[in-house]
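To start, the structure under review is shown below, and the notes come after it.
We did not get these values from a lab; they are worked out from the coordinates using the rules stated. Quantities reported herein were computed from a predicted structural model and do not represent experimental measurements. Every residue, glycine as well, gets a Cβ built from its backbone with ideal geometry; the counts of neighbours run over all protein chains shown.
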Amino acid sequence: MEQLVQNLVLGLLLGGVYALAAGGLTLIFGVMRVINIAHGAFLILAAFITYSLWSGLGIDPLLAIVITTPVIFVVGWVTYKLFVAPIRTAPMASTVLLTFGLALVLEAVMGTIWGNNSTAIRPAYGNESFIVGDLFLPKAQVYGGLVAVLVLAVLWVVLTKTWLGRAIRASAVNPAGAELVGIKIGSVAALVFAIGIAAAGAGGAITGILYPFVPGAHYQWIARLLAIVVLGGMGSLNGAVLGAVLFGVAETMTAAYVSPSWATAVPYAIVFAVLLIRPQGLLGSRLREDAVPA
Amino acid sequence: MNAAASAAPAPAAASSRWTSPLWIGRAVAALGAALLLLYPVLSDDAYYQNMVILSLVFAVGASGLNVITGFAGYVSLGQGAFIGLGGYTIGVLATRFPDTNPWLWVPVAGVVAALVALVLGFVSLRSRGPSFVIITVAFLFLVQVVAVNWVSLTNGTAGLTLPLPTWDREIINWPFYYALVVILALQLLMTWWIRRTKFGMGLIAIREDETKAATIGIALPTEKILAFVASTVFVGMAGAVYGYYLTFIDPRGMFSILISVQIVLSLLIGGKATLWGPVVGAFLIEPLNEIANNNLGGGNTRLFLFGGLLVLVVIFLPRGLLPAIESFLERRRTRGKAGLVGQRIGTGGSLASLTDRVQVVDRSQIPDRPLLEVTGLTKHFGGLKAVDDCSFTVPEGSITGLIGPNGSGKTTVFNLLTDTIRADSGTIVFDGKRLDGTPPWKRAHAGLGRTFQITRLFGEMTVLENVVAVQRSFSVGQLGRIAVSGKEAAAAEELLEFVGMRAFRDQRAHALSYGQQKLVELAQILMLDPKLVLLDEPAGGINPVLIERMGEMIRELNSYGKTFLIVEHNMPFVLGLCDPINVLARGRTMATGTPDEIQRDPAVIDAYLGDDFRVEPAKPRKAVS
């Protein structure tokens, strides 16, 4: 029983980190209709930057998020302006291929700078655990999960309580209308892309502490994040959080009770099943599509 | 030779023919095919033979991908996984049954790939949108995990070693080489055939405008899933030959993500939705891949190369090489000649004089019954009641009008009738059958044809293709019917002649003016041979002469027994044409009657002008009427 509770708690903590990264992905999709295949690559990039800050400058990896996230934000903004903006109005198929290309380039860049060997961030508390009753909760995972929830909360406040958040949501619902009331769609899109990428960056900085990583790990990440977003419903932030938590728990449970090697595969089976029964995902909605034949 | 001889008396025509992209393309293709067939005989350089063999594998992969991505517009990033599946099919079967000839497993691999595609398609292609591309990414990753972990079947990371080829070492590569050439030929034949059939037209229509495609009878999920299956079957076979050629298969090699990248890149660079583009692309990219691998250090260089090329192609060469070259040649060839787009619209003739498929019906023979009976139709968008408990009937053989102020729900009613939007509740009885709850294409098959207020033709298709894309019913036989020539095309041309647009048959629809598009859309709907034609503002935004012609055509079609339901704001047009007229206000029918009754109904005038409308605020409402 304790074992089950422990796995559940670990799954929830992991889900928090997934939610952060998947939230960025679903935000970008919701506002721009862009499926950012490079999302996992930005996540791994953040992990490498965190690694350098920790190993080079001795900064605590969880504190380093304060540096990593803004850096990745800028990288995301520049990426948008250079590559995504020129094909902003192209069909979704084009942006999928573009971001796929970007992912490969990023992988190559990381491989060139940091090498293709497995890299791990091991802070002093890496091997310590909190002991609550009969539960052993690794400190890194607890801190990581809490930081993820904190960043996610900030993101949520920005989206729902600020003018920027309203502008973003307006752009998502009706780009032409948003433009008419004075919102600069291009600027909002750049900001959203950068915020989405930064969320992935924050998630990457945290997972870098939890697991070792290589540049090529971004494929696994994008597959996982896309699965989460589909599960929750494309473009729905709440859906992404729900999907992430379910995914995190499912992965942890599979690793504990089935076999660690299948842990990466089983959650996809869940996603397939969800799509069979409910193609729009758990919290997704079918959009009204008669008004603007985009 | 024949062509040259017959062209001799007309040198001008001949020169333009030989410089036309079509003939240049054919000559290049013939030359390429000859070279490809003779190559192993001419050279036994193993390095280049290997390169050509790999190019062939990628050419099949890219050409297959072309069906789902180029035609139907659904990007798959998991195409490489089907090569891997093919390889593993032959690997597993050949090691299990060492006494059977491994070549036997090549077609089996095609079937396995097709079955997997069927399942994936069923999961992700029933809805539209991004699920498909996402599922393909997940699949690419998942299949590698399965190959690693299902050790009893795949021998895990240790891989499988196939029986070595038994034939003469001198010609060791020949069987692989020619098997791949045959598979590529079959793949290209299939692509060529699909492009000419109703099936292919349907796929391109889906790419251009999926919502609209559904309303002209295209059964979306079925066609998309079929396209995905078609795009993988030969790829699975090529994968099997590839696996046998390598004689060793493991998860990292067979399910490498870079295989998928290379396939996608080949298709993009060569040109989507073209026959030869994917082949050209594959033969360009594979040598680059070899150079990057052997001379530039592989690994990260290959990633830079592929990733960078992908980004550059998407931004700077979105249509691919072949279409770019083709439009360049076409521009040179037609320089100085007037375009067709400004040509006058034909005056048309009566449809009965163009075809014997229609004849004037005797009015007294038309049964006195409603063809369409709508009861309690309701649709809410959040708190907005767009259509609220709306009921009306359309008598058979009538031209019924549907009018109402802006925002009264007319277009939404049309959308609900054709299931472009799903109604919240209400029943739709058409021709004695319940239609509510059925998808748009079934309604089109039942005899419901609908035009859009803002015309929705398939922009990249020609006028003729737009008309022949229509599917009157669903059957496998019909999907395979050749659409671009023969009976279908002849019927489409009659309708185009009727609306006066025949001269434009080979123009792309996006090049037409709004009025011209309206006429083509009418011809397109008539191709459905509908019992009831729903016209959304047929007279909106076109000149008075054309409005008059539109009215004539509607009356003529009505005399052949076609029933109409027309939404229109042009009151003289509606009052002169329609009887009865239904008036919609706030999402429900508020009045029904003859034009005279409607014109005199104070409630109707009130609804149009608003109950706070007064010439002067102090005047009583009566003054208005």
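Structure above, values below:
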item	result
Calculated FRET efficiency for the pair A:Leu180/A:Val158, C-beta based, R₀ 22 Å, to 0.05	0.40
Computed lengthening from B:Trp193 to B:Glu170, 0.36 nm per intervening residue step minus Cα-Cα distance	4.6 nm
Part-to-part distance (alpha-carbon centres) for the stretch B:377-431 and the stretch A:148-175, which is given in Å	36 Å
Beta bridges per DSSP with both ends in chain B, % antiparallel, nearest 5	60 percent
Average partner coverage of B:140-146, which counts Cβ from other chains inside 10 Å	5
P(r) weight above 44 Å for the protein assembly as shown, C-alpha pairs, percent	40 percent
Cα pair distances exceeding 27 angstrom across the stretch B:43-258, given as percent	33 percent
Cα centroid separation - the stretch A:78-115 against the stretch B:444-466, whole Å	36 Å
Averaged over B:416-428, number of beta-carbon atoms from partner chains that fall within 10 Å	1
All lysines inside 22 Å of A:Lys161 as judged from Cα atoms, apart from same-chain residues fewer than 8 positions distant	A:Lys184
Two-decimal log10 I(q)/I(0) for the stretch A:13-216, as the Debye equation yields it once each C-alpha is a single scatterer, q = 0.15, 0.17 Å⁻¹	-0.91, -1.10
Fewest-first ranking of B:Asp606, B:Asp356, using other Cβ atoms within 10 Å as the exposure measure	B:Asp356, B:Asp606
Alpha-carbon radius of gyration plus Dmax, which is the widest Cα pair, for the stretch B:352-624 in Å	19.4, 70
Mean Cβ count within 10 Å, highest first, over the residues of peptides A:87-99, B:526-538, B:233-245	B:233-245, B:526-538, A:87-99
All lysines inside 23 Å of B:Lys531 as judged from Cα atoms, apart from same-chain residues fewer than 8 positions distant	B:Lys198, B:Lys212, B:Lys410, B:Lys433, B:Lys442, B:Lys487, B:Lys518, B:Lys562
10 Å Cβ neighbours from other chains, averaged over peptide B:202-213	1
Efficiency of FRET from Cβ geometry, A:Arg278 and A:Phe136, R₀ 41 Å, rounded to 0.05	0.65
Spatially proximal aspartates and glutamates relative to B:Lys224 (Cα-Cα < 17 Å; intrachain offsets below 8 disregarded)	B:Glu208, B:Asp209, B:Glu210
Ordering of A:15-22, B:31-38, B:283-290, B:270-277 by burial proxy (mean other Cβ atoms within 10 Å per residue, highest first)	A:15-22, B:270-277, B:283-290, B:31-38
Nitroxide proxy distance, nm - points 7 Å out along Cα→Cβ at B:Arg600 and B:Arg422	4.6 nm
Hydrodynamic radius by Kirkwood, which averages 1/r over all alpha carbon pairs of chain B, in angstrom	27.7 Å
Nitroxide proxy distance, nm - points 7 Å out along Cα→Cβ at B:Val361 and A:Val66	8.0 nm
Alpha-carbon centroids, the stretch B:179-232 and the stretch B:574-600: separation in whole Å	44 Å
Inter-site label distance for B:Ile325 and B:Tyr514 at 7 Å from Cα along Cβ, in nm	4.1 nm
